[in-house]
Amino acid sequence: MSEKAGSKRRVDLIKSRIVEHALKVHETVEALRQLFEASLKDPSKVGEYFEKIDVLEHEADKLKRGIISEVRLAYLHPIDREDVLKMVTLLDDIAGLSKASSKRIVAYSKGGLKLGEPYASDLKSIIEASYRAVDELVKIVKSVIEGSREALERLSEVEKLEKEVDDLRLKVLEELYQECITNLKPVCVILPGLIDDLEAITDACEDAGMLLKLMFSSRF
């Protein structure tokens with residue numbers, strides 16, 4: 001095999017692994033959504049879903065490390081190499097944030113706390129918006145890998161979902177502070193960190209989407 005053919009084969013492998021990694025991250029966020037639903041309806045199952053998230057997060061991390069190794073060996077322009085590494089890291093951060101969020105949910109569920117309204121509905125909306133943002137991001141990843149401009153238009157949807165989550169975060173915190181200023185409850189301690197982790201998922205989606213848009217015209 002010629003050096004040129006070998007290099008192209010490695011680049012094609014990197015592209016397929018990037019898509020595989022993005023899909024694994026997507027599975028992780030879907031499992032987070034299922035875990036939160038279980039915390040509302042059947043808290044006994046949250047541990048089962050957390051184990052699933054833990055496995056998926058480790059699988060995503062393994063794929064990330066494999067991509068990084070391949071990128072280091074591939075013949076890529078330095079700028080392209082840096083962009084690929086940044087993008088894969090941002091995607092992997094989403095899986096890590098999903099696991100961190102799920103840990104918090106498991107902790108309060110096992111402690112006997114069940115979220116009431118309006119917090120349950122608000123957090124469900126945040127998680128749903130986060131899931132949709134990741135879903136759009138995966139389509140953008142595929143678009144860039146395939147060299148198609150079509151799905152890049154989805155970036156505006158990711159940005160819209162990030163703003164939606166940011167607005168919901170402020171709404172929940174305002175409700176929480178109004179309640180907690182006169183009546184300190186477990187939710188006063190638990191929810192702020194969980195909300196911040198969830199918001200960080202859509203922040204990472206927006207950052208990765210912007211980077212992918214810039215990468216589209218690169219030599220990768």
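Computed values, structure above
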{"quantity": "Residue in region 213-220 that is in contact with a His (Cβ under 8 Å, 6 or more places away or on another chain), surrounded by fewer than 20 Cβ atoms within 10 Å (Cβ to Cβ) and not in a helix (DSSP H, G or I) present", "calculated": "yes"}
{"quantity": "Those residues of region 93-122 which are crowded, with 23+ Cβ neighbours inside 10 Å and either aliphatic (A, V, I, L, M) or within 9 Å of the chain's Cα centre (by Cα) (or both), in sequence order", "calculated": "94, 95, 97, 98, 105"}
{"quantity": "Tally of residues being in a helix (DSSP H, G or I), farther than 19 Å from residue 22 by Cβ and without any contact (Cβ under 8 Å) to a residue 60 or more places away in the chain across region 157-195", "calculated": "22"}
{"quantity": "Within region 98-133, considering residues that are touching a residue at least 40 places away in the same chain (Cβ under 8 Å), assigned to a helix (DSSP H, G or I) and of a type in the set (Lys, Arg), the one nearest to residue 163 (Cα to Cα)", "calculated": "124"}
{"quantity": "Region 90-136, residues that are of a type in the set (A, V, I, L, M, F, W, C), over 11 Å from residue 33 (Cβ atoms) and touching an Asp or Glu at 6+ places or on another chain (Cβ under 8 Å)", "calculated": "90, 95, 97, 100, 133"}
{"quantity": "Residues (modelled with pLDDT under 70 and crowded, with 17+ Cβ neighbours inside 10 Å) located in region 61-85", "calculated": "74, 76"}
{"quantity": "Residues (small (Gly, Ala, Ser), at pLDDT below 90 and within 29 Å of the chain's Cα centre (by Cα)) located in region 1-33", "calculated": "16"}
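Residue by residue, here is whether (1) assigned to a helix (DSSP H, G or I); (2) of a type in the set (D, E, K, R); (3) at positive phi; (4) over 13 Å from the mean Cα position of the chain (by Cα) holds:
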residue	(1), (2), (3), (4)
49	yes, no, no, yes
64	yes, yes, no, yes
69	yes, no, no, yes
88	yes, no, no, no
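The values are calculated or read from the model by the stated rules, or taken from the named source; none is laboratory data. These numbers were taken from a predicted model, which means no experiment stands behind them. Here Cβ is always computed from backbone atoms with ideal geometry, including for glycine, and neighbour counts include all displayed protein chains.
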